[in-house]
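The values are calculated or read from the model by the stated rules, or taken from the named source; none is laboratory data. In this text the structure is predicted, and so the values were computed from the model without any measurement. Don't worry about glycine lacking a Cβ; one is built from the backbone with ideal geometry, like all the others, and counts go over all protein chains shown.
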Amino acid sequence: MKILGMPGVNPQTGPWMDNILGGVASAGDRAQTQHYGFWTSGEERVDAAAELQIVSSFDPELIVAKSMGTLLTLRGVSDGMLQPKQCVLIGIPVAGSGAGIDLLLRWHELNLPTLFIQQELDRTGTFEQLSALVNPESRCTLVAVPGSDHVYADTAVLIKLINDWRET
């Protein structure tokens, strides 16, 4: 299986994602973490189209994404650039408004098995806020984890949640 990691905006989420993928990938899986161009170019903005073009050539079957990576994933899947069989979206920034919210409201139309993991009081959007946006009749599983800092530091818990969900 090809597994793609889409980390957050902070370059420190690259090694964090590598750790997650290391715990999720099985023997024979091919896993890679996207290292965004703006991390090294000095650009202040993400070129979403360019990043999605790069990862689409990998043709992932499972996408594990965090924060900004979840927004890129929502866009890439909704636009047909990415066609995974499953998604895991961690720490979706749902506070406020934006394209990500519009995509979440229509996510159920894709009929894509998705695991949402959100801190109960995540500063970028609480579990309750996320729950209000996800259609209860979708193929989505929502899991709350303790916290409010948007860091998701307990990778062992995240890996267990992901692996348990994939086995069901």
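Return only the number of the condition from (1) farther than 22 Å from T168 by Cβ; (2) surrounded by 13 or more Cβ atoms within 10 Å (Cβ to Cβ); (3) modelled with pLDDT under 95 that R45 does not satisfy.
(2)
Given the conditions (1) among the aliphatic types (A, V, I, L, M); (2) closer than 15 Å to M1 by Cα; (3) in contact (Cβ under 8 Å) with a residue 60 or more places away in the chain, and given that M68 satisfies all but one, which numbered condition is not satisfied?
Among (1) among the aliphatic types (A, V, I, L, M); (2) closer than 15 Å to M1 by Cα; (3) in contact (Cβ under 8 Å) with a residue 60 or more places away in the chain, M68 violates only (2).
Please find, among L62, L71, L105, the residue that is surrounded by 15 or more Cβ atoms within 10 Å (Cβ to Cβ), under 24 Å from R166 (Cα atoms) and at pLDDT below 95. Let's see the steps before the verdict.
Working: L62 fails: at pLDDT below 95; L105 fails: surrounded by 15 or more Cβ atoms within 10 Å (Cβ to Cβ).
Testing whether each residue is surrounded by 15 or more Cβ atoms within 10 Å (Cβ to Cβ), under 24 Å from R166 (Cα atoms) and at pLDDT below 95 leaves just L71.
Are there any pairs, at least 6 apart or on different chains, whose C-beta atoms fall under 7 Å, with the first in segment 11-34 and at negative phi and the second of a type in the set (D, E, K, R), and if so, which?
Note: pairs meeting the criteria are T13/K66; M17/K66; R30/K2; T33/D18; Q34/E51.
Which number in (1) surrounded by fewer than 20 Cβ atoms within 10 Å (Cβ to Cβ); (2) closer than 20 Å to Y152 by Cα marks the one condition that G8 misses?
With respect to (1) surrounded by fewer than 20 Cβ atoms within 10 Å (Cβ to Cβ); (2) closer than 20 Å to Y152 by Cα, G8 is out only on (1).
Quick one: is T168 within 14 Å of the chain's Cα centre (by Cα) and surrounded by fewer than 17 Cβ atoms within 10 Å (Cβ to Cβ)?
On the way: within 14 Å of the chain's Cα centre (by Cα): no; surrounded by fewer than 17 Cβ atoms within 10 Å (Cβ to Cβ): yes.
No: the conditions fail for T168.
Can you name every residue in segment 86-103 that is in contact with a strand residue (DSSP E or B) (Cβ under 7 Å, 6 or more places away or on another chain), of a type outside the set (V, I, T) and free of Cβ contacts under 8 Å to residues at least 60 places away in the same chain? Break it down stepwise before answering.
Our first condition is that a residue be in contact with a strand residue (DSSP E or B) (Cβ under 7 Å, 6 or more places away or on another chain); within segment 86-103, this holds for 86-92.
Imposing the further condition that a residue be of a type outside the set (V, I, T) reduces the set to 86-87, 89, 91.
Within segment 86-103, C87, L89 qualify.
Hey, can you tell me all the residues within segment 109-140 that are within 18 Å of E61 (Cα to Cα) and surrounded by 13 or more Cβ atoms within 10 Å (Cβ to Cβ)? Full working, then the answer.
Step one: filter segment 109-140 for residues within 18 Å of E61 (Cα to Cα), giving 110-116, 139-140.
Hits for segment 109-140 are L110, L112, P113, T114, L115, F116, R139, C140.
Taking segment 74-102 as the search range and keeping residues that are part of a loop (DSSP other than H, G, I, E, B) and either crowded, with 20+ Cβ neighbours inside 10 Å or among the polar types (S, T, N, Q) (or both), which one is modelled with the lowest pLDDT?
Within segment 74-102, the first condition is being part of a loop (DSSP other than H, G, I, E, B), and the residues that meet it are 79-85, 91-98.
Applying the additional criterion that residues be either crowded, with 20+ Cβ neighbours inside 10 Å or among the polar types (S, T, N, Q) (or both) yields 82-84, 91-94, 97.
Numbers: L82: 96, Q83: 96, P84: 97, G91: 97, I92: 96, P93: 94, V94: 92, S97: 67.
Here the answer is S97.
Could you tell me how many of the residues in segment 58-70 are in contact with a Pro (Cβ under 7 Å, 6 or more places away or on another chain), closer than 14 Å to H150 by Cβ and not in a loop (DSSP other than H, G, I, E, B)?
Step one: of segment 58-70, the residues in contact with a Pro (Cβ under 7 Å, 6 or more places away or on another chain) are 60-63, 66-67, 69.
After this cut, where a residue has to be closer than 14 Å to H150 by Cβ as well, the list is 66-67, 69.
Next, from what is left, pick out any that are not in a loop (DSSP other than H, G, I, E, B): 66, 69.
Adding up the residues that qualify gives 2.
Among the residues of segment 113-163, write down those that are in a strand (DSSP E or B), of a type in the set (V, I, T) and within 13 Å of the chain's Cα centre (by Cα).
So the first thing to find is which residues in segment 113-163 are in a strand (DSSP E or B), and the list is 114-119, 140-145.
Narrowing further to those that are of a type in the set (V, I, T): 114, 117, 141, 143, 145.
T114, I117, listed by residue number.
Anything in segment 19-34 that is surrounded by 15 or more Cβ atoms within 10 Å (Cβ to Cβ) and either farther than 11 Å from V64 by Cβ or polar (S, T, N, Q) (or both)? List them, or say none. Don't jump to the end; show me each part of the working.
Residues of segment 19-34 surrounded by 15 or more Cβ atoms within 10 Å (Cβ to Cβ): 19-21, 24-25, 31-34.
Selection gives N19, Q32, T33, Q34.
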